[in-house]
Every structure is written in structure tokens, then in C-alpha cells.
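Step one of this worksheet: look at the structure below.
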Amino acid sequence: MCQITYSRLIKITQPILIKMKLLKAYKNTHRGFTLIELLVVVAIIGLLSTIVLSSVNAARLKANIARRLSDMREIQTALENYYDDYGVYPTTGGASQSQCASWGSFAANAVIPGLVSTYMPTFPADPTMNATNSTSCYLYKSNGTDYALLDLAISDVGWTNSMYAQYPTFIDPAREGGAVTQCGTSFSSWAWKISTPAYICK
């Protein structure tokens, strides 16, 4: 019978022991995440996502407000240029016209008759307009002598009615959420408005 000496046994088993130690070390340094670690990571990702989303929404709201005010000024300029040429404003017979369903569902270029394309290339829409639900709507009314242009019932992510008052030169005194104003008790709705003096309460 062949006998295995101690030194021979050590020589045979040593590579195996070394491999086992290396494998154990690898497992210790490359172990998987525990459930708690995974939950912490998920919570951090959720928090960061919320912060980023809030920042994006705030930036979008600010941009939308700037666009609304710019649109209204652009339309006002076009109306005054029309008046300079004809001595009257584009008339709607005193009725309100809009792209929104509650005020006629007019095509964009027909909301203010005769304004497009001579005095402005296209008629803008509120960036969050919902024509079906009649929110965030540009309205126009005129009897030829006077006019009113409104951005009514603004609906936007992060929007609150208090934001109307941040731009006092645009706030509609007839639509301040039911407040008592120079127009008397106003409508319960809110709006921004540009108008001639005689139509300030229309």
C-alpha cells in the first residue's frame, strides 16, 4: 500500500486551501445588498426624484406665467395697431369669443376678427389651455369702441389663485374670487385682463 507522508499531504492540499481562502475573501468583498440597504437606497432615490420634480414644475410654472403675460401684451399691441388703422377695435358685437367650448370654440385665427395675419402672425393660446373644460382660456370681447382681453380660469401645476395678485396691473377687478372691488362684488372666478377703461368691469 502506498503511504502518503505528511509533507506530501500538505503539498497536495495547500492549493485547495489557498483557493478556498480566496473564494471566501471574494464572497466577503462582493456580498449582496441587505434588505435594509436596498430600502435606504430606494428612499434616497425617491427623495431626490421629488426634489427634482418640484424644481422642474416650479421652472415650468414660471415660464408659463411669463408666456401668458407676453401673449397678452402682444395681443394688446396688435389691437392698438388695428385701431390706429381703422379707428375701431375688431368687434364681436359685445359677446365673448374664445377657443374654449364655453365661449364658442372659435378657431384660433377667428377669436379676434381681422387681427391675424396682418397684425400678428398667429393667435396664441394659453400654454395650459384645455378647450374642452374651458380652463386657461384667452377671451376677447368688443363693441368696436372698447374691448376686454382676459386669461380666465388659469389651471397649471403649482398654480394658486394668490398668484393673480402678484401681477396687479393685470388682475381683473371684476374677477377676484368674489371680492368687493371697484366693480362692486366680483364674479367668483379669477382672471387677468387688459382692457379699455369702459370695459374694465366687463
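Just to verify a result, which residue in the stretch 32-53, among those that are among the small types (G, A, S) and at pLDDT 75 or above, is nearest to the chain's Cα centre (by Cα)?
G46
Which condition number does N133 fail, the rest of (1) surrounded by 14 or more Cβ atoms within 10 Å (Cβ to Cβ); (2) at pLDDT 95 or above; (3) assigned to a loop (DSSP other than H, G, I, E, B) being met?
Among (1) surrounded by 14 or more Cβ atoms within 10 Å (Cβ to Cβ); (2) at pLDDT 95 or above; (3) assigned to a loop (DSSP other than H, G, I, E, B), the lone unmet condition for N133 is (1).
Can you tell me which residue in the stretch 99-122 is surrounded by the most Cβ atoms within 10 Å (Cβ to Cβ), limited to those that are among the hydroxyl-bearing types (S, T, Y) and out of contact with any helix residue (DSSP H, G or I) (no Cβ under 7 Å at 6 or more places or on another chain)?
Within the stretch 99-122, the match that is surrounded by the most Cβ atoms within 10 Å (Cβ to Cβ) is S102.
Pick from A125, A148, A95: which is outside any helix (DSSP H, G or I), surrounded by 19 or more Cβ atoms within 10 Å (Cβ to Cβ) and of a type in the set (G, A, S)?
The unique qualifying residue is A148.
Could we say that S134 is in contact with a Cys (Cβ under 7 Å, 6 or more places away or on another chain) and either of a type in the set (D, E) or touching a residue at least 12 places away in the same chain (Cβ under 8 Å) (or both) here?
So S134 passes the test.
Out of the residues in the stretch 151-185 meeting the condition of being touching a residue at least 24 places away in the same chain (Cβ under 8 Å) and of a type in the set (S, T, N, Q), tell me which one is surrounded by the most Cβ atoms within 10 Å (Cβ to Cβ).
In this case the residue turns out to be S155.
Among residues belonging to the stretch 78-89 that are part of a helix (DSSP H, G or I) and either in contact (Cβ under 8 Å) with a residue 40 or more places away in the chain or touching a helix residue (DSSP H, G or I) at 6+ places or on another chain (Cβ under 7 Å) (or both), point out the one that is farthest from F123 (Cα to Cα).
Here the answer is L79.
Can you tell me which residue is nearest to the chain's Cα centre (by Cα) among those in the stretch 112-147 that are closer than 24 Å to P197 by Cβ and among the β-branched types (V, I, T)?
Checking each candidate, the answer is I112.
The values are calculated or read from the model by the stated rules, or taken from the named source; none is laboratory data. These numbers come from a predicted model, not from an experiment. A quick note on method: Cβ atoms are made from the backbone with ideal geometry, for glycine too, and the neighbour counts reach across all protein chains shown.
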